[in-house]
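What follows is one structure encoded as structure tokens, with my remarks underneath.
FYI, it's all coordinate maths here, none of it is from the lab. Treat the numbers as computed from the prediction; the structure is a model and nothing was measured. Cβ: placed from backbone, ideal geometry, glycine included. Neighbour counts: every protein chain shown.
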Amino acid sequence: MGDLMNLVLFGAPGAGKGTQGALLARRLAIPRISTGDLLREAVRQGTPLGRQAKQYMDAGELVPDAVILGLVREALASDAAKPGFILDGFPRNVAQAQALDEILRSLGRRLDDVAVLDVPDDVVVKRIAGRRGCPSCQSVYNVHYEPPRRDELCDSCNSSLVQREDDREETVMRRLQVYRGQTQPVLAYYEVQGTPVVHLEADRPVDEVQAQLLSHLGS
Ligand code: AP5
């Protein structure tokens with residue numbers, strides 16, 4: 001069977017990559033590979049990798065490429081990713097984009113598309129400030145835009161919702177700077193290479209953004 005869809009979801013912190021990626025992954029039955037989620041799980045489990053990553057994440061800095069590339073290589077080579085994948089939060093600098101090309105080449109695969117979620121800075125700051133997550137089932141809510149039915153409790157499993165450690169205001173400002181300085185140049189890399197890059201108007205309700213994404217992907 002050929003690849004269903006090999007996609008990178010791109011955008012600033014809080015642009016909605018996780019939200020859109022989870023919906024699309026369910027619809028296409030392919031995995032969403034979020035380097036942020038993989039790192040948070042390693043931190044939660046207290047693995048050596050997690051301990052190394054935590055200091056960078058709490059400061060809003062990028063975790064060293066060597067750590068990230070090991071995680072991504074393993075995820076892309078897994079059976080689950082054979083029919084296709086949605087990368088969320090990776091690549092985040094040009095060196096990671098070049099490494100991704102090599103990993104895919106070694107697997108005999110290539111990227112189909114890069115979808116960029118465009119959202120103004122003031123909106124991403126508000127989205128991040130309002131984000132709450134479920135530590136048990138990983139559902140994500142927003143007290144401003146997508147509130148849970150009962151205050152601070154997960155709709156799916158009833159656990160108390162928590163705020164991410166790196167969602168404090170100072171750290172968010174640093175994450176935005178890192179996005180502009182190190183991550184945005186990845187788009188120029190793909191444009192030069194000829195990989196299709198599509199910009200979506202992501203300052204819209206969740207279902208409208210998903211509809212734009214699906215219509216672009218032709219599903
Ligand atoms: P990571 O976890 O990747 O965080 P991020 O890129 O900063 O993105 P976020 O998870 O904050 O946002 P999102 O775009 O997924 O938005 P979401 O859907 O949750 O990375 C965290 C850290 O890990 C990094 O700082 C770095 O240290 C490290 N790291 C990760 N990958 C790395 C890599 N490749 N290399 C090096 N280091 C790496 O939505 C946000 C909120 O808005 C939610 O509350 C949601 O409910 C709400 N929302 C979403 N869509 C909408 C909408 N359309 N309307 C209204 N509200 C919405």
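By count of other Cβ within 10 Å, fewest leading, how are His199, His144 ordered?
Listing His199, His144 from fewest to most nearby Cβ atoms yields His144, His199.
Measuring from label point to label point, each 7 Å out along Cα→Cβ, what is the Leu4 to Arg149 span in nm?
Simple spin-label model gives 2.8 nm for this pair.
Taking a ≥ b ≥ c as the square roots of the Cα gyration tensor eigenvalues, with a/c under 1.5 meaning rounded and otherwise prolate when a/b beats b/c, else oblate, which class fits the chain?
rounded
Give the lysines whose C-alpha is closer than 23 Å to that of Lys126, dropping any in the same chain fewer than 8 places away, or say none.
Lys17
Which percent, nearest 5, of DSSP beta bridges in the chain are antiparallel?
Of those bridges, close to 25 percent are antiparallel.
List Thr35, Thr171 from most exposed to least, where exposure is judged by having the fewest other Cβ atoms within 10 Å.
With the sparsest Cβ surroundings first, the list reads Thr171, Thr35.
Can you compute the FRET efficiency between Glu208 and Lys126 using 1/(1 + (r/R0)^6), with r the Cβ-Cβ distance and R0 = 22 Å? Round to the nearest 0.05.
0.80
Figure the gain on full extension for Arg168 and Asp118 (residue separation times 0.36 nm, minus the Cα-Cα span) and round it to one decimal in nm.
The span from Arg168 to Asp118 would gain 15.8 nm if fully extended.
For Asp79, put the label point 7 Å out on the Cα→Cβ axis and report which residues of the stretch 15-58 keep their amide N under 18 Å from it.
29-32
With a point put 7 Å past each Cα toward its Cβ, work out how far Glu191 is from Leu104 in nm, to one decimal.
Going by the 7 Å Cα→Cβ label model, 1.8 nm.
Provide, for q = 0.22 Å⁻¹, the log10 of I(q)/I(0) from a solvent-free Debye sum over equal Cα point scatterers in the stretch 84-171.
Rounded to two decimals, the profile gives -1.04.
So which aspartates and glutamates pass the test for Lys54, namely a Cα distance under 17 Å, with those fewer than 8 places away in the same chain ruled out?
Partners within reach: Asp37, Glu41, Asp65, Glu165, Asp166, Asp167, Glu170.
Can you sort Glu170, Glu165 by how many other beta carbons sit within 10 Å, fewest first?
Sorted ascending by nearby Cβ count, the order is Glu170, Glu165.
Hey, what does the equivalent ellipsoid look like for the stretch 141-219, semi-axes from the Cα gyration tensor as sqrt of 5 times each eigenvalue, largest first, whole Å?
Largest first, the stretch 141-219 gives 31, 21, 10 Å.
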